[in-house]
Amino acid sequence: MKVCVQGLWHLGSVTAASLAAVGHKVVGLDFDAVIIQGLQAGKPPIFEPGLEDMIREGLDSGKLEFTKSLDNLPDDIEILWVAYDTPVNDDDVADVDFVVSQLEKTLPYLGANAIVLVSSQMPVGSIRRIEAIADRCCPEKALSFACSPENLRLGKALYVFLKPDRVVVGVRNTQDKERIGCLLQSITDRIEWMSVESAEMTKHAINAFLATSVVFANEIASVCEMVGADAKEVERGLKSEQRIGPKAYLSPGGAFAGGTLARDIEFLKVVSSEHKLSIPLLESVKTSNDQHKRWVRRKLNTLFSCLHGVTVVVWGLTYKPGTDTLRRSLAVELCNWLLEQGAKVRVHDPAVKVLPPEWHGIVTRFDAETEALVGAQVLLVGTEWPKYKEVSIEHISGLVPDLVVLDPNRFLSTLGSITQLRYFAVGTPSC
């Protein structure tokens, strides 16, 4: 099929490259000239394992091309796949108007009866809003609209897109179901068909459930620390309960970060407020998560009367392993707090070669993770890069015998077996 993917940051680049890889003819559209220039040279705007190679293969095969000009759009595009990563500010509020305004420019350039399939993260009711715009600006096109909420994960996006557990799609009619089914048949036949509004709401519900599960597990873990229980053992007890199950999102660990889960909580709060509906459970999720973000700070303040002059090593800075994204990273937030306390901060991250400019001259970056430990008092696991598990625990204990290790998610749990080290994770007993 002939597809245009509009919006070419993470979601859009992955979508365009993957659709071309399974045989569709794809035009990637973005009005940012820098992004397009990079993609035309085979360089995606964000690091994602395997993405650059897949883009280059698509360009070489002729299945994939990129443009910033609407005049270059073929007039026989069958599906416009809207894949902007909706901008989110530091208060988790999404700039939905940006996505709508970008899409509004494109609608008049589509051929008659094209489908607009929206995957961008927007609140329930957004498709109806866009349909009204289309009815106003280009009714003669007889465009139809559908929703397939994005379901990617940084660092694993290509695998998740091409081998999904299932795909949720909301449509208005049987004809659109058939055409979108044809588009997706080379990826999966496990499609959950539903109404457009149900598809929009499904994304909010999934992320709200996951966010609630995270804060529930971490509140239980906080109590465990105080009473001498081990939250990982409690987790095992929870997951062996038939009504809960082994795949439940109940591992004690760090707070959730980034804008993904929090954004959908905010969407639900706004929609509920518009309808004068109270949702006290969901409204409390962000409050609890923000409290838990301070776990490392609370632990350090318990272990040290003053952090001024204390040397802290942070292994991993990125938002998640498998990406080079620093925005909304809890590790970066923590480094900034440590600097405010007068600590000496050393960092290592395999994907970060240049530190934020405001850290110039005050944060020391190391090429080797173990070199950073010499003379340090604290090791903090910020991002769980697999290479950190390859470091010999005996080597660590030999370098710094009385090292304090703060490992919220127990990523390096074997360090807890070294008696000379002072190892702490979320939910480990502190009494």
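Numerical summary
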item: Filter on Lys203/Lys299; Lys43/Lys293; Lys247/Lys353; Lys63/Lys247; Lys232/Lys389 - keep pairs with C-alpha separation over 30 Å; result: Lys203/Lys299; Lys43/Lys293; Lys247/Lys353; Lys63/Lys247
item: Förster radius 35 Å - calculated FRET efficiency between Val374 and Arg153, Cβ distance, rounded to 0.05; result: 0.50
item: Among Gly228, Thr106, Val271 - extreme Cα towards positive end, dipole of the chain, charges at beta-carbon; result: Gly228
item: D_trans [Stokes-Einstein, Kirkwood Rh over alpha-carbon pairs] for the stretch 45-189, 10 °C, 1.306 mPa s, µm² s⁻¹; result: 95
item: Filtered trypsin sites (Lys or Arg not before Pro), the stretch 217-290: DSSP coil and at most 12 other beta carbons within 10 Å; result: Arg243, Lys247, Lys276
item: Cut-off 20 Å, label 7 Å out along Cα→Cβ of Lys239, residues of the stretch 311-330 by amide N; result: 321
item: Given charges at beta-carbon only (K, R positive; D, E negative), |dipole| of the stretch 228-371 in Debye; result: 240
item: For the chain, alpha-carbon Rg relative to the globular expectation (2.2 N^0.38 Å, N residues); result: 1.08
item: Taking the C-alpha atoms of the stretch 295-424, convex hull volume expressed per residue in Å³; result: 99
item: Length-normalised contact order of the stretch 295-424 in % [C-alpha pairs under 8 Å, at least 6 apart]; result: 25
item: GNM result for the chain, Cα springs below 10 Å: residue of Thr318, Thr364, Thr302 fluctuating most strongly; result: Thr302
item: Trypsin sites (Lys or Arg not before Pro) lying in DSSP loop within the stretch 334-426, provided at most 16 other Cβ fall within 10 Å; result: Lys353
item: For the chain, with +1 on Lys and Arg beta carbons and -1 on Asp and Glu, the positive-most of Pro44, Pro408, Leu8 along the dipole; result: Pro408
item: Dmax and Rg, reported as Rg then Dmax, of the stretch 362-415 (C-alpha, Å); result: 10.8, 31
item: For the stretch 35-106, convex hull of alpha carbons as volume per residue, Å³; result: 121
item: Amide proton proximity set for Val347, modelled H, under 5 Å, gap of 5+; result: Val314, Thr364, Arg365, Phe366
item: Virtual spin-label span in nm between Asp90 and Leu210, 7 Å along Cα→Cβ; result: 2.5
item: Pairs of alpha carbons in the stretch 202-292 whose separation is greater than 20 Å (percent); result: 40
item: Contact order relative to length of the chain, as percent, for alpha carbon pairs under 8 angstrom and 6 or more apart; result: 13
item: Dipole magnitude (debye, nearest 20) for the chain, charges at Cβ of Lys, Arg, Asp, Glu; result: 720
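Quick note: the coordinates plus some simple rules give every number you see, no bench work behind them. Computed from a predicted model, the values in this text were never measured in an experiment. As a convention, Cβ positions derive from the backbone with ideal geometry for all residues, glycine included, and neighbour counts pool all protein chains shown.
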